[in-house]
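Quick note: the coordinates plus some simple rules give every number you see, no bench work behind them. Just so it is clear, the model here is predicted, and its values are computed rather than measured. Cβ placement follows ideal geometry from the backbone for every residue including glycine, while neighbour counts extend to all protein chains displayed.
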Amino acid sequence: MLRTTTTTALLAVAGLTVAANAGIFSFASDYSDQSWTFTLATHGGHFAIEDQTQFTDPTILLIDDANGILEPLQYEVDFNLHADIDYLSSTPIGGGKFIHSYSVEEAYAGWYTSNGPILEMTFDDSIITIVGDEFGWDTAGSMFGSDAWASVQYTSYINEPDYGMYLGDAIGPQDFGFSLTTINTSGSIPYDYSSPGATLDPQTMFPTEEVFAEGSFSGSAQFIPAPSTAALLLGAGLFGTRRRR
């Protein structure tokens, strides 16, 4: 019969093959310090938010081991993003201020080195909120989503098991959040703090001019080993068993 200790070890290995591992991703806008992170404007007849960063002014993507003891992985990347935006509502919060809410549709984001992608994300039915006057934005807001209530899907192109990263699509929970700060219609670099915020068209509730904004990011997702990796782990457990008389 199989020894109890061997059986226990085999079950532990089998458990590892299906265990999920989490990665936490982030970047700070100041790493790309000569570019606006985002622009918001009409594109092809639809209002959208897009990145403004380039390979020549890279963003530093950090991947952490779920707040573990390891130092984060760092990648110099070109950050890409495009998301269509639809108006949802404006809710008064007192003092003449409103929370303007928008839905984010058919969106994608990606972080790319010169050798190819590190991480990509698609998201749908997510939210942008910005506080302002009845027909205006102030200088800060956020864009966020979670697969608990929206469609969020990460894909990893790196295999870093110590950081919970495996090749392929993540499983839930998956989430993300982008800050929107220094919202303005000037777009000057260096920024001279002119034209803060944005004026909204009362009919569409979208800005009447192109908008620029800084933005930092954080997000997380769980990944599982690829089937071939899981099979190898399980195979190692099987070969490690011995029969005992």
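Brief remarks follow.
- Rounded to whole numbers, the Karplus 3J(HN,Hα) couplings from phi for region 179-189 are 7, 10, 10, 6, 4, 7, 10, 7, x, 5, 10 Hz, using 6.51 cos²θ - 1.76 cosθ + 1.60 with θ = phi - 60°, and x at Gly and Pro.
- Extension gain, GLN203 back to THR129 (0.36 nm per residue minus Cα-Cα distance, nm): 24.8 nm
- Across region 74-90, computed HN-Hα scalar couplings (Karplus, 6.51 cos²θ - 1.76 cosθ + 1.60, θ = phi - 60°) run 10, 10, 7, 9, 8, 8, 10, 7, 8, 8, 7, 10, 10, 6, 10, 6, 10 Hz from first to last residue, x flagging Gly and Pro.
- When you restrict to C-alpha pairs under 8 Å that are six or more residues apart and normalise by the size of region 51-161, the relative contact order lands at 19 percent.
- Amide H contacts under 5 Å for LEU167, placed H, 5+ residues apart: ALA226
- For region 21-223, the relative contact order comes to 22 percent (Cα pairs under 8 Å, sequence separation of at least 6).
- With both labels modelled 7 Å from their Cα along Cα-to-Cβ, the TYR191 to ALA41 distance reads 1.7 nm.
- Residues whose placed amide H lies under 5 Å from that of PHE47, excluding near-sequence neighbours: ILE85
- Sorted ascending by nearby beta carbons within 10 Å, beginning with the fewest, GLU71, GLU106, GLU214, GLU160 become GLU71, GLU106, GLU160, GLU214.
- In this structure, the amide hydrogen of ILE118, modeled 1.01 Å from its nitrogen in the peptide plane, lies closer than 5 angstrom to those of TRP111, TYR112, THR113, counting only residues at least 5 positions away or on a different chain.
- Extension reserve of the THR113-ILE99 stretch, reckoned as 0.36 nm per residue once the Cα distance is removed: 1.4 nm
- Highest-first arrangement of 144-153, 37-46, 172-181, where packing means the average Cβ count within 10 Å: 172-181, 144-153, 37-46
- Karplus-derived 3J(HN,Hα) values for region 138-151, using 6.51 cos²θ - 1.76 cosθ + 1.60 with θ = phi - 60°, are 7, 9, 8, x, 7, 10, 7, x, 9, 6, 6, 9, 9, 9 Hz; glycine and proline are entered as x.
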